[in-house]
Amino acid sequence: MVEAPIIQIESVSHAYAGRTALADVSLSINAGEIFGFLGPNGSGKTTLLRILCTMLPVTQGRVQMLGMDLATSRDEIRKRIAVVFQSPSLDKQLTAEENLRHHGHLYGLRGAELQTRIDQMLTRFGLVDRRHEYVQSFSGGMRRRVELAKGLLTRPVLFLMDEPSTGLDPAARIEMWQALQLAREQDGVTILVSTHLMDEAERCDRLAIMDLGKVVALGTPAELKERIGGDVITLAGSDLPALQRALQKKFEIVVAPMDGTLRIERPRAHEFIPQLVEALPGLIDSLSIGRPTLEDVFIQTTGRRLSEDNR
């Protein structure tokens, strides 16, 4: 028997003052996944996450979460999810332990049960020795660890994070993802992440790549990169239009201009390069070959780089 998805999104659309933020989005998320929404600013990923964390109503379409309809069971769903927003939600005038205790009180936790959970979270995130220190003295990475500890304190079934690596250095980002993997493995938490960072997206089990309010690609990072169908060749030259015309004439291949270069997708590119250089003397100033990335998937799907905002 196939287990039902923990989240089922059906034909969801949303608009702000006439501007479409989501356009007929449909997808499902399985229990125990680390699922990512990847896209630039204005792609709709944050709007969708806000709907899933119950901050925005479902105005068009339908969302099933944890076997319940989001439109009619919002309060019940809220009890079983946790959210870490892009902007920190910690009280800097409280200690790490006080932040966790206050959060537990909001969820009705008290006494020995709450203290046990606080001790467990402080231990898991390496904060035991800093439990009585004020959060205002912590680094960005340590504050994020307190945020994660606070979110997992209530033992949520779903853990939603909006741009979780904002403000973190590379080492802190690695620590954060190790903690998320541990939460998934030890607690069975399903984790949803919105991001515009490629290395962060690579850590997800599956991704929905979003652009202009739509899901333009869906799958594992490996499956998405396989769509490229080969290596990516990037060419530069002093006369790009002439280089593009020559490429299309001699090789009858699709060439995509991109940021002052020409981009070609080609299987076994290393075998094609000698032919390319020999056939186009004087037109190529430089070239590079790379394995497909998620950025290449976004370019292939939308015709521009992920770093370009939609606003």
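Exactly one residue out of A242, A149, A236 is of a type in the set (G, A, S) and either modelled with pLDDT under 90 or assigned by TED's automatic domain parsing to the domain that holds G42 (or both), and it is A149.
Residues in the range 89-110 that are closer than 11 Å to V135 by Cβ, more than 29 Å from the chain's Cα centre (by Cα) and not charged (D, E, K, R): Q93, L94, T95.
Taking the range 10-27 as the range and being under 17 Å from V216 (Cβ atoms) and out of contact with any Ser or Thr (no Cβ under 6 Å at 6 or more places or on another chain) as the test, the residues that pass are V12, S13, T20, V25, L27. Applying the condition of being more than 20 Å from E76 (Cα to Cα) and under 13 Å from the mean Cα position of the chain (by Cα) to the range 153-172 and asking which residue is surrounded by the fewest Cβ atoms within 10 Å (Cβ to Cβ) yields T166. Residues in the range 167-203 that are more than 25 Å from L224 (Cα to Cα), in a loop (DSSP other than H, G, I, E, B) and touching a residue at least 40 places away in the same chain (Cβ under 8 Å): G188 alone. Checked against (1) of a type in the set (G, A, S); (2) buried (at least 17 other Cβ atoms within 10 Å of the Cβ); (3) within 22 Å of R305 (Cβ to Cβ), A256 passes all but a single condition, namely (2). Number of residues in the range 111-152 that are of a type in the set (D, E), over 24 Å from the mean Cα position of the chain (by Cα) and surrounded by 14 or more Cβ atoms within 10 Å (Cβ to Cβ) equals 2.
Criterion applied to L94, L100, L70 was being modelled with pLDDT of 95 or more, over 25 Å from L192 (Cα atoms), in the same structural domain as V12 (by TED's automatic domain parsing) and in contact with a helix residue (DSSP H, G or I) (Cβ under 8 Å, 6 or more places away or on another chain), and the one residue passing it is L94.
The values are calculated or read from the model by the stated rules, or taken from the named source; none is laboratory data. Note that the structure is a prediction, hence the values are computed from the model and not measured. Every residue, glycine among them, receives a Cβ derived from its backbone with ideal geometry; neighbour counts consider all protein chains shown.
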